[in-house]
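Below you will find the structure I want to go over with you.
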Amino acid sequence: MASASAETPVTGESFKSVFGRRLEPYLALSKSAKGAGCVQLIKDVLTAPGVVVFGELLAMPNGLKANPEHARYHRLLEIFSYGTYQDYQQNKDSLPEITVAQRTKLQQLSIVTLSERVRAIPYAHLLQYLEIDNVRQLEDLIMDAIYQNLINANLDQKLKQVEVHSAMGRDLRPGQAQDMLRVLAEWTKTSEAMLKALSHKMDEVRENYEKEKEAKEAFEKELESIKKESAASGGGKHRKLGGSGAHQGTHMMEYEMEQHMFQSPEFANEYARLGHGGGPGSKRTGKRVPNRG
């Protein structure tokens, strides 16, 4: 990937100080220029290297629109302010012919406009849109735009596209400010609705947390109560079955062993075999055990 990017992206105050400062001499001349003088001024400013914003000059009261011949140059200045190379090509029959330098500048400004909609612009699209014959010429045009701080971009020769990271801000088209305000208003409305929904969700989460906390505390309290009742009940049983002191544990163990022994199937069978009968359903054999004494 061939990579190139502007070392000092032009934004905020730097935009005004760099591009705006380059236009200032022409603004001073426009205050006194009239008619043909204004036409020459427009030619010069469109050719001047590094002058890429024209909104303030376009707003100057120069009377160009009153003369049809001069009005063509005023329209040309509008295209350089916020239009594209395709706008020029579609209306070139009613516009003055541009020089090679002016053509290059308009093509570079068109790349800036295209980058507003898509950041990765295929070479094939640019070659067709800018009416450039070959890739080498296109890459030279883009590299020059990067070095002028018009765009901050990389050239991807493998994928054959230019990846634009940021770009200068061009002059606003008529009605564009209103469109931007409408978009911002919609964004603000959406953001407020989202914040309201998030706030409601947070209230629900907080309420559920408090309920779960209360339920947990009630459960732990009930569990502790059951433990205490169980301990008290078990202690009373042991006191009835056994004595006190060191013998209580021994008496309790003996009692449990006897209970287990008498209730076991082995003991019942042996007891029945010896003729003492057994549990329910056992039969007496009638035999007696010989007396070995």
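So, in the stretch 129-171, exactly how many residues are within 28 Å of residue 55 (Cα to Cα) and in contact (Cβ under 8 Å) with a residue 24 or more places away in the chain?
Here the count works out to 27.
Go through the residues of the stretch 146-158 one by one and say whether even a single one is part of a helix (DSSP H, G or I) and more than 28 Å from residue 59 (Cβ to Cβ).
The answer is yes, given that some residue of the stretch 146-158 is part of a helix (DSSP H, G or I) and more than 28 Å from residue 59 (Cβ to Cβ).
Out of the residues in the stretch 128-145 that are open to solvent by 40 Å² or more (accessible area, probe 1.4 Å) and assigned to a helix (DSSP H, G or I), which is nearest to residue 87 (Cα to Cα)?
Among residues in the stretch 128-145 that are open to solvent by 40 Å² or more (accessible area, probe 1.4 Å) and assigned to a helix (DSSP H, G or I), the one nearest to residue 87 (Cα to Cα) is 129.
Let me ask another. Could you list all residues from the stretch 188-211 that are open to solvent by 90 Å² or more (accessible area, probe 1.4 Å) and within 23 Å of the chain's Cα centre (by Cα)?
Selection gives 189, 192, 194, 195, 196, 198, 200, 201, 202.
Could we say that residue 150 is at pLDDT below 95 and either β-branched (Val, Ile, Thr) or touching a helix residue (DSSP H, G or I) at 6+ places or on another chain (Cβ under 6 Å) (or both) here?
Considered against the rule, which asks whether it is at pLDDT below 95 and either β-branched (Val, Ile, Thr) or touching a helix residue (DSSP H, G or I) at 6+ places or on another chain (Cβ under 6 Å) (or both), residue 150 comes out as yes.
A further question on this structure: Filtering the stretch 58-72 down to residues that are under 23 Å from residue 172 (Cα atoms) and among the small types (Gly, Ala, Ser), which residue is modelled with the lowest pLDDT? Steps first, answer last, please.
Within the stretch 58-72, the subset under 23 Å from residue 172 (Cα atoms) is 58-65, 70-72.
Next cut, among the small types (Gly, Ala, Ser) only: 59, 63, 71.
Values: 59: 80, 63: 57, 71: 84.
The residue in question is 63.
Counting only residues that are assigned to a loop (DSSP other than H, G, I, E, B), farther than 19 Å from residue 23 by Cα and either touching a Cys at 6+ places or on another chain (Cβ under 7 Å) or not polar (S, T, N, Q) (or both), how many does the stretch 71-127 have?
Residues that pass the stated criteria total 8.
Can I ask one more? Confirm whether residue 36 is surrounded by fewer than 17 Cβ atoms within 10 Å (Cβ to Cβ) and modelled with pLDDT of 85 or more. Before the answer, list the steps.
On the way: surrounded by fewer than 17 Cβ atoms within 10 Å (Cβ to Cβ): yes; modelled with pLDDT of 85 or more: no.
Answer is no for this residue.
Which pairs turn up if I take residues in the stretch 98-120 that are touching a residue at least 12 places away in the same chain (Cβ under 8 Å) and look for partners that are among the β-branched types (Val, Ile, Thr) and open to solvent by 20 Å² or more (accessible area, probe 1.4 Å) with beta carbon separation below 6 Å, at least 6 apart in sequence or on another chain?
101/47; 102/47
Still on this structure, I have one more. Right, residue 123: crowded, with 16+ Cβ neighbours inside 10 Å and without any contact (Cβ under 8 Å) to a residue 40 or more places away in the chain or not?
So residue 123 fits the description; yes.
Moving to a separate point now. Looking at the stretch 156-171, which of its residues are over 26 Å from the mean Cα position of the chain (by Cα) and surrounded by 18 or more Cβ atoms within 10 Å (Cβ to Cβ)?
Selection gives 170, 171.
Hey, can you tell me all the residues within the stretch 85-107 that are open to solvent by less than 10 Å² (accessible area, probe 1.4 Å) and of a type in the set (Ser, Thr, Tyr)?
85
The values are calculated or read from the model by the stated rules, or taken from the named source; none is laboratory data. Worth saying up front: this structure is predicted, and the values here are computed from it rather than measured. Cβ coordinates were reconstructed from backbone atoms using ideal geometry, including for glycine residues, and neighbour counts include every protein chain displayed. Just the protein is used for accessible areas: all its heavy atoms, side chains included, with ligands, DNA and RNA removed. Shrake-Rupley method; radii C 1.70, N 1.55, O 1.52, S 1.80 Å.
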